Amino acid sequence: MDLTAVPLPAAWIAVAWTLAAPILLAAVAIAPWQRFRDSEPVHVWYGAVFCLVVLWSIQGTVGGGFTFHLLGVAAFALFVGAPLALAGTAIAVLVNVAVRDGLWANAAFVWLAMAAIPVGATWLVLRVAERALPPHF
């Protein structure tokens, strides 16, 4: 199911935008953008965003009509950190909506479902593992 093409109820869209906007603004505000003073890290980040767009475009099919895609968001969050991952996935969602000619109103819902929740879950599991498990080489 392509969430960018499914007409969602207006209440869902309003709630999604109400939740997504402050989360994304906070992530952009606290993201370590100073890392990008050198050109190499910013190129790697752009490449990772491009890889997310490609992964989200690959659709696997199981049975009669059930499709899924590869998220890759967890790896991206571990790779660049949660704030930069949230900003990068927002760009990837916008590109996906534009390429698939999706509904722009659904962008916040898609970003919450495909990016913010997986990034938050990944970051939570990482923090719990860092506290609960002993360090190793």
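The values are calculated or read from the model by the stated rules, or taken from the named source; none is laboratory data. Keep in mind that what you see is a predicted model, and the values were worked out from it rather than measured. Cβ: placed from backbone, ideal geometry, glycine included. Neighbour counts: every protein chain shown.
Do we have any residue at all in region 2-13 that's at pLDDT 90 or above, over 17 Å from the mean Cα position of the chain (by Cα) and either among the small types (Gly, Ala, Ser) or within 26 Å of Val125 (Cα to Cα) (or both)? Checked region 2-13: at least one residue is at pLDDT 90 or above, over 17 Å from the mean Cα position of the chain (by Cα) and either among the small types (Gly, Ala, Ser) or within 26 Å of Val125 (Cα to Cα) (or both). Restricting the first member to region 112-135 and to residues that are touching a residue at least 40 places away in the same chain (Cβ under 8 Å), and the second to residues that are of a type in the set (S, T, N, Q), the beta-carbon pairs closer than 9 Å and six or more apart or on different chains are Met114/Thr89; Met114/Asn96; Ala115/Thr89; Ala116/Thr89; Pro118/Thr89; Val119/Thr89.
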